[in-house]
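Okay, so here's the structure we're looking at.
The values are calculated or read from the model by the stated rules, or taken from the named source; none is laboratory data. The structure presented is a predicted model; accordingly, all values stated were derived computationally and were not measured. Positions of Cβ are backbone-derived with ideal geometry, glycine not excepted, and every protein chain shown enters the neighbour counts.
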Amino acid sequence: MDDDLEDHMMLDEYFKEVGISDKVTFLKNGQLALQYLEGIEDSSELPKLMVLDLNMPVITGSQVLLQIKQTPRLRNIPVIIFSTSENENEKRKCLSFGALEYLVKPITWEEGDRIARRFASFAE
Amino acid sequence: MVNLDNEMDLILAHKRAMKLCELTGFSLLTQTSVATAISEIARCAIEFGKSSTLTLGIDSIANRKFLVAVIGDKTDFSQRCFEACSYARRLVSDVDIKRTSRETQIVLRQQLSFSGTLTEAKVDSFADYFKNEPPISAYDELRRKNLMLQDLAEKLRASEEDYRMLTDTLPVMMFSVDIRGQIYYTNKWLQDYFGAAPKETSAAAWQPYIFQPDYHLFSKELTGSILHQVPLTGQYRFKEKSSGEYRWHVFSIIPLKNEKEKISQWIGFLVDINGQKQIEQALKDNRELKEIQDQLYQNQEELQKKVIELNRSNYELEQFAHLASHDLQEPLRKLFFYSDVLKKRYGLLLDTTGMNMLNNMTAAANRMKELISDLLSYSQLQKQNLRFEHVELNDILRDVVKDLDLTIKEKNAVIEIDNLPKVTGNVLRLRQLFNNLISNSLKYCKNGVPPHISIVSRPGTDQNTIIVRDNGIGFDDQYSEKIFGLFERLHTRDKFPGTGIGLSICKKIAELHNGRITAHSVVNEYAAFEVTLPELEKA
């Protein structure tokens, strides 16, 4: 989930490299993400991993995170925060809300590749 | 009563006796007889007695009234005037001689043939007549005037004594000045205060007694007052002989004029107003204090306002720096992504020039990244985020040297570290500070000369100074303050890459520790950075 569509495209390039492009759903804001999760009736169909950007209009990534972790049905979905910059305060907050990891968006191709493979590991 | 001293008195005695006889209604013949008898005895008293007196009066014995004349003297003159007495006995009804231890008296009586009653009031009116009786002779006049004069002199003397006593006891200093300016009278109070007294009214004569800073004004005002013959009232400090203290006095001199409107003398007063003056001063000080206090409050309020403004703008700046660097990273990240994808997927399609351009683009993006990261770390330097503890500076330096190990080996650098003190500070930030300084020394070294860096400490009274000194290219000392400014750089990027933030961070860290940092250098010899940190707080 990211409000920047260009980021969707960029991430998708990494996902193509590691072969998980078809298993990823991109959503462009928090509202849509929560609606998407509500729309899944069968709990076994819930996503294997949620990757959330933090800086988003209307509902921020951390709010979505909190919502997920406070909803019993969604609580067990692993959530990785995927932010533009390292921010100690935000990181601490998100981890306390139950996020699995706090990752900074990659700058080099190698970093991006490594992150994509980490995401792919949840799809198995 | 008439004193019987000489011939003139005898005439007076005769005249008074005649007059009383006339007033009491005797016939002219009886008047003459009685007056002659009295005169005869009086003449004897003057001749043989000493300071005799004649008393004329009216007496009543068993309803009969008598005119009585008593001639008395301390000596028994009656022994020498038998003849006169026997003569007198023929002229008046009765002559009697009385002797007491103090005085001998010859008493003559003549029964009154006064028709009607002789009241007390009447007798008093006779007495009044003699009191107001016009002078009968030049002698009598002279005598009366003389007595009056003596009386006046006595009264004057008493009055002068009163005056002196009055002026001596009044709690003021007084003096009188004649028309030539000579002081001819001073009261005791003045003499006691000054120990001596000025001799004249000229300003110069007063100079030894007046407080020097007041002298100029005093001299000017006194001279003016005397010149224009007008009163003067002024406030000056005069020296008290006994204490040596200068006390505030009101000094006034007033010209006194006679009936012809001419100045006959001056009188002067000095009144001690020191207490009053002190209260005045205290009140004034109090008022000034109040004003200063008000001003202080006002300043404080303004300061408070400025602090609030400053805090806000600081906060806004931090927010800005943070957001800007965050938002700036976004396009940068994409730039990296595209150049990487471009190189990876389309690298083979580019010629050498195209590939160089792509590499230059990445290098530029890298500089941008560095700049943003430095700016971000600078904007995050805030006191409230720091934890302070006791820190061994030697530990810090050891870590820094370890971090820079690669460069140190690469450059063959020698690093000497003195025995450094313990300070109160934040480990991470102090490490950042010394890392920046040593990195700079390693960076700005002379070509072909291995860097030699020494870190020594210089203990002060309540602070420690750590000096980082190298043997590098140095800088012109005129830039020793400028180099700490944000984005300030002394070299072009192709010679020495950098963002110009490193030393700004050092300065900020030193200030966050309540310390400071200064730099000194000689071009091509050395650069030395002195970091001063407060002494270990006893926590």
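Side notes on the structure shown:
- B:G72 being surrounded by 20 or more Cβ atoms within 10 Å (Cβ to Cβ), closer than 23 Å to B:Y139 by Cβ, in contact with a strand residue (DSSP E or B) (Cβ under 6 Å, 6 or more places away or on another chain) and free of Cβ contacts under 8 Å to residues at least 40 places away in the same chain: yes
- At least 3 residues being away from chain B (no Cβ under 14 Å) and surrounded by fewer than 17 Cβ atoms within 10 Å (Cβ to Cβ) is the threshold, and among the strands (runs of 3 or more DSSP E) wholly inside the range A:12-121 not one reaches it.
- Tally of residues being among the charged types (D, E, K, R) and loosely packed, with under 14 Cβ neighbours inside 10 Å across the range B:371-402: 6
Rundown of residues vs (1) of a type outside the set (F, W, Y); (2) free of Cβ contacts under 8 Å to residues at least 24 places away in the same chain; (3) assigned by TED's automatic domain parsing to the domain that holds B:K508, yes/no style:
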{"residue": "B:L404", "(1), (2), (3)": "yes, no, yes"}
{"residue": "B:G425", "(1), (2), (3)": "yes, no, yes"}
{"residue": "B:L433", "(1), (2), (3)": "yes, no, yes"}
{"residue": "B:N440", "(1), (2), (3)": "yes, no, yes"}
{"residue": "B:Y444", "(1), (2), (3)": "no, no, yes"}
{"residue": "B:V449", "(1), (2), (3)": "yes, yes, yes"}
{"residue": "B:S457", "(1), (2), (3)": "yes, no, yes"}
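- For the condition assigned to a strand (DSSP E or B), without any contact (Cβ under 8 Å) to a residue 40 or more places away in the chain, of a type outside the set (S, T, Y) and surrounded by 14 or more Cβ atoms within 10 Å (Cβ to Cβ), B:V250 qualifies.
- Scanning the range B:509-527 for residues that are surrounded by fewer than 18 Cβ atoms within 10 Å (Cβ to Cβ) and either assigned to a strand (DSSP E or B) or touching a strand residue (DSSP E or B) at 6+ places or on another chain (Cβ under 7 Å) (or both) gives B:N514, B:R516, B:T518, B:H520, B:V522, B:Y526.
- All of (1) among the β-branched types (V, I, T); (2) in contact with a Lys or Arg (Cβ under 8 Å, 6 or more places away or on another chain); (3) under 13 Å from B:E40 (Cα atoms) hold for B:I71 with one exception: (2).
- Inspection of the range B:348-368 identifies no residue that is touching a Pro at 6+ places or on another chain (Cβ under 7 Å) and either in contact (Cβ under 8 Å) with a residue 40 or more places away in the chain or in the same structural domain as B:I517 (by TED's automatic domain parsing) (or both).
- Subset of the range B:102-126 (residues that are polar (S, T, N, Q) and modelled with pLDDT under 80): B:S113, B:S115, B:T117, B:T119, B:S125
- Scanning the range B:338-353 for residues that are more than 10 Å from chain A (Cβ to nearest Cβ), loosely packed, with under 14 Cβ neighbours inside 10 Å and part of a helix (DSSP H, G or I) turns up B:Y346, B:G347, B:L348, B:L349, B:T352, B:T353.
- Condition met for B:Q229 (surrounded by fewer than 18 Cβ atoms within 10 Å (Cβ to Cβ) and touching a residue at least 24 places away in the same chain (Cβ under 8 Å)): yes
- Scanning the range B:381-439 for residues that are among the aromatic types (F, W, Y) and part of a helix (DSSP H, G or I) yields a total of 1.
- Selection over the range B:145-203 of residues that are assigned by TED's automatic domain parsing to the domain that holds B:K241, of a type in the set (K, R) and over 21 Å from B:L222 (Cα atoms) gives a count of 1.
- Some residue of the range B:274-291 being more than 21 Å from B:P171 (Cα to Cα), without any contact (Cβ under 8 Å) to a residue 24 or more places away in the chain and among the β-branched types (V, I, T): no
- Look at (1) within 14 Å of another protein chain (Cβ to nearest Cβ); (2) exposed (fewer than 11 other Cβ atoms within 10 Å of the Cβ) and you find that B:E291 fails only one, number (1).
- Every residue from the range B:320-337 that is surrounded by 15 or more Cβ atoms within 10 Å (Cβ to Cβ) and within 9 Å of another protein chain (Cβ to nearest Cβ): B:H322, B:S325, B:H326, B:Q329, B:E330, B:L332, B:R333, B:K334, B:F336, B:F337
- Of the residues screened, B:L222 is not one that is surrounded by fewer than 18 Cβ atoms within 10 Å (Cβ to Cβ) and out of contact with any Cys (no Cβ under 7 Å at 6 or more places or on another chain).
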